[in-house]
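K.L.:
Below is a structure I'd like to ask you about.
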Amino acid sequence: MQPEKLKHFREILLEQLREHTENIRTEKATALEASDDGVKDSVDLSLMDVNQEIAFRLGERESQMVADTDQALLRIEEGSYGKCGRCGRDIDERRLEAVPTARYDANCQTIIERALGEETPSL
Ligand SMILES: [Zn+2]
């Protein structure tokens with residue numbers, strides 16, 4: 001990939017990293033606030049649990065996003081960014097614009113998702 005292109009995606013990823021790190025911080029603060037308020041009144045306890053559960057799940061998703069972004073930035077450093085992790089072909093730049101953390105090209109992504117889907121039997 002061209003150095004200017006790499007720089008372009010690096011900037012997108014760094015911006016994304018900043019954004020999600022900020023989200024995690026905000027959500028943790030919100031969860032802590034919720035637990036402070038709830039202790040006084042037992043009626044609010046169940047609501048507090050729900051709030052914390054939501055905050056936890058959001059945090060988990062954000063943490064995953066940060067991890068994915070970190071990995072993508074690492075691939076830029078290593079020089080493997082933009083190459084499919086499965087077949088080694090170049091990932092379409094339009095795909096990278098849409099999903100800068102993409103690890104596989106569209107073709108391999110479909111194959112991998114199909115394989116994962118088959119592992120989980122639907123009852
Ligand atoms: Zn591939």
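K.L.:
Just the number, please: Stokes-Einstein D of the range 84-123 in µm²/s, Kirkwood Rh from C-alpha pairs, 25 °C, 0.890 mPa s. Please report the intermediate quantities before stating the final value.
P.N.:
Numbers: Rh = 11.0 Å.
Here the translational diffusion coefficient equals 224 µm²/s.
K.L.:
Using 7 Å Cα-to-Cβ label points, what is the residue 47/residue 93 separation (nm, one decimal)?
P.N.:
Those two pseudo-labels are separated by 5.3 nm.
K.L.:
Moving on. Project the alpha carbons of the chain onto their principal axes and report the range along each, largest first, in whole Å.
P.N.:
Projected onto its principal axes, the Cα set of the chain covers 59, 43, 21 Å.
K.L.:
Search the structure for amide H atoms under 5 Å from the amide H of residue 91, placed 1.01 Å from N in the peptide plane, and list their residues when 5 or more places away or on another chain.
P.N.:
It is 83, 84, by chain and number.
K.L.:
Still on this structure, please answer the following. Give the calculated FRET efficiency between residue 6 and residue 112 to the nearest 0.05, with a Förster radius of 22 Å applied to their Cβ-Cβ distance. Present the calculation step by step, with values, prior to reporting the outcome.
P.N.:
Numbers: r = 25 Å, r/R0 = 1.11.
The computed FRET efficiency comes out at 0.35.
Coordinate-derived values only; no laboratory data. Note that the structure is a prediction, hence the values are computed from the model and not measured. With ideal geometry, Cβ positions are generated from the backbone for all residues, glycine too; neighbour counts draw on all protein chains shown.
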